[in-house]
1. Looking only at the stretch 619-632, which residues are open to solvent by less than 90 Å² (accessible area, probe 1.4 Å) and not hydroxyl-bearing (Ser, Thr, Tyr)?
2. Does any residue of the stretch 328-347 turn out to be in a loop (DSSP other than H, G, I, E, B), open to solvent by less than 50 Å² (accessible area, probe 1.4 Å) and at pLDDT 95 or above?
3. Only one of these is under 23 Å from Met408 (Cβ atoms), open to solvent by less than 40 Å² (accessible area, probe 1.4 Å), among the aliphatic types (A, V, I, L, M) and part of a helix (DSSP H, G or I): Ala18, Ala51, Ala38, Ala26. Name it.
4. Report the residue count in the stretch 473-498 for those that are part of a loop (DSSP other than H, G, I, E, B) and either touching a Leu at 6+ places or on another chain (Cβ under 9 Å) or of a type in the set (Phe, Trp, Tyr) (or both).
5. If I filter the stretch 167-186 down to residues being open to solvent by 70 Å² or more (accessible area, probe 1.4 Å) and at pLDDT below 85, which single residue comes out as nearest to Gln120 (Cα to Cα)?
6. Can you say whether Glu307 is modelled with pLDDT of 95 or more and acidic (Asp, Glu), as far as the supplied structure shows?
7. Sort through Ser44, Ser87, Ser29, Ser69 and tell me the only one that's of a type in the set (Ser, Thr, Tyr), modelled with pLDDT under 90 and more than 40 Å from the chain's Cα centre (by Cα).
8. Out of Ala532, Ala501, Ala539, report the one residue that is over 30 Å from Glu306 (Cβ atoms), outside any helix (DSSP H, G or I) and either open to solvent by 10 Å² or more (accessible area, probe 1.4 Å) or of a type in the set (Gly, Ala, Ser) (or both).
Amino acid sequence: MADAVSIFMAIGLSEQKAKETLKNEALSSTLKKAIEQAQGLLGSASIDKTAGTLLYNMVTRLKDSNRLSFLTEYIITRKITSELQLSAALDFLKNHPQENLDRLEFEAACGVGVVVTPEQIEDAVELIIRKHKDQLLAERYRFNMGILMGEARTALKWADGKIVKNEVDMQVLHLLGPKTEADLEKNPKVYFYCLCFVVPHTYPFSTETVLGKSLMEQLRGEALKFHKTGENYKTEGYVVTPNTMTLLKKHLEETGGQVRTRFPPEPNGILHIGHAKAINFNFGFAKANNGICFLRYDDTNPEKEEEKYFTAIREMVEWLGYKPYAVTHASDNFQLLYDLAVDLIRRGHAYVCHQRGEELKGHNVPPSPWRERPVEESLLLFDRMRKGMFAEGEVTLRMKMVMEDGKMDPVAYRIKYTPHHRTGDTWCIYPTYDYTHCLCDSIENITHSLCTKEFQSRRSSYFWLCNALDVYCPVQWEYGRLNLTYTVVSKRKIIKLVETAIVRDWDDPRLFTLTALRRRGFPPQAINNFCARVGVTVAQTTMEPHLLEACVREVLNDTAPRVMAVLEPLKVTITNLPHFSSFEISFPDFPANEAKGSHVVPFSKTIFIEQSDFREVMEKGYKRLTPDQPVGLRHAGYVISVQRVIKDGCGNVCELEVSCASSDSVEKPKAFIQWVSDPLQCEVRLYERLFLHKNPEDPAEVPAGFLRDINPYSITVIESASVDRSVGKAKVFDKFQFERVGYFSVDPDSTSEKLVFNRTVMLKEDPGKI
């Protein structure tokens, strides 16, 4: 090992990088071959650091090992001298998998022999500056200089990027002069609220600005730099075999060139807000490109799967507005997967191993002593596994490959004596994710296998297994997970919350599971909009809950009809109305657009207002009702003034006697408040954050653990609130804005005798302003 580290360090790798490389057996072996070939070309001369870096980068990205000596020659003979040329060379080889290459075409595509002089750089940059001169003079250093660099790189493809940037900076400085104080002032922040994917400057996603474009526009065609159907081999890291082009041709014949994606959840828990991003991306990408998306249950672990999860997952996918092309299960393919495993053993790529699970945990796991056991012996033992002749954990089937994280020989099959919800006792061996996922993708002819970033380390095993079995190989693309602060989404931790009665169930409105968000009243459009604003990023994204709530308000502001409700009623008797006087007032469902409809509410001698809308003692800045200050009644056309304050035996205000006057006949009051008359009694549940700290799972923030971080005021139940009678026929999940209070949704606990409302979110306005 020490010799290998020295060899790798001799070409410019750091000691740490050299040791990391050695953990990947396939990579280190290929790099040694490239170094040997390079030394053969150089003779006694050593490999300089520039060439060594290019050799290393070439080896990590080269798909076809048959091209190793070809590219090594170009690097060592200094025909390829930059990362830009190497990338062009790799792209060319990727797009030309045929055996006989046209060297002249290859060299032209890679810029071999091209020399860009300083004069050419100066002239090209001058033309670009002249093109944008007027805008540069107007915007000065607020101008997006990336535009200049982009055009310069296009015009000077093979020039040194640093030299080009220096020339651009110099000519901009010559035109505009040094930065002034005005140039150094920060731009004011502008917040855009639109249904869009904010695409980062990170491979493989587009670097174009996407503000103002719809979700479908962001996912359509070239917006994402994904491969075209049938051109899988052009993707970086994709392995081309002698049979690749034949398999791709057959794939295109079967699919007609159609985009195919899949959403593959495990049916062992309820979907959460992070899954909403995955659903939008998988189903949205297919829809935007006239393709199809499968809902595939990854049901390979019978110990944790329950029917309620299958039902809830499909329900949530459809709630978000997507209809699967087909609903499939990994278990649909159990027999085919088993047959493929037998074939994998026959090909010498898998073996039966007796190492226990605890021996396989962690890094630097020792190689299995059974790795080289005869094929016939592994076939016999695998058949005995299938027939139930071993105990659980006694044997596994392992694949002969090294994953990108250095882990050797992942498990393909393990024994579980648990009946499966669909296949019963037919099987006692079940395939793992590493084995099942890529093969189910292949069976369903998936074109784009979209998954979160933690699966990037499995991309090489994904390609390896398909190629080892000589079956169609889709392409895996990764994107960053979506996380929220002040919550947990781990299935294990949510189960803990349920078991300890901190929350009622998976749909408790304080959680961020999709069923919980629906119960709380979040509209699916708002969740989709939130996912769009977060964007398809490669990096993991952690967002604050208030950003999701802002999306909810925007949707509900346009869709939730207004009604009046008081959560803590205070009785008000209007003394100058006859006792029997009662009439109806028309109340607009959407005051900003009365054409959208209205409802009627009764108005009588007795009404109820919020206790907080009256103060016996006037305070500075208080605009609502006091003994010396009248207040208006919303939509009623009346202003009321206090005549008498009535208190109970404890000295608490329990009733007001007031007089009323038409709002046209008196001075306009400082505020208008909501009220109800002859109301319905209802229960209202007010929710706050479940956890006190932003990251309840972080031991640095919460040393005692997330169960000790519960907000004691995360739920407040008001059992005797009052709401106007127009909501009497409301159905579960119907949504309303209680004027001046917040947005509310009808809870499934409602009965014909009593409605229950969940507060979805508070209003945008600062309560102090209303």
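The values are calculated or read from the model by the stated rules, or taken from the named source; none is laboratory data. Source: prediction; values computed, not measured. Positions of Cβ are backbone-derived with ideal geometry, glycine not excepted, and every protein chain shown enters the neighbour counts. We work out accessible area using only protein heavy atoms, side chains counted, and drop any ligands, DNA or RNA first. Shrake-Rupley method; radii C 1.70, N 1.55, O 1.52, S 1.80 Å.
1. Gly621, Arg624, Leu625, Pro627, Gln629, Pro630, Val631, Gly632
2. Checked the stretch 328-347: no residue is in a loop (DSSP other than H, G, I, E, B), open to solvent by less than 50 Å² (accessible area, probe 1.4 Å) and at pLDDT 95 or above.
3. Ala18
4. The number of residues fulfilling the criteria is 5.
5. The residue in question is Pro178.
6. No; evaluated as a whole, the condition is false for this residue.
7. Unique residue meeting the criteria: Ser44.
8. One residue alone meets the criteria, Ala539.
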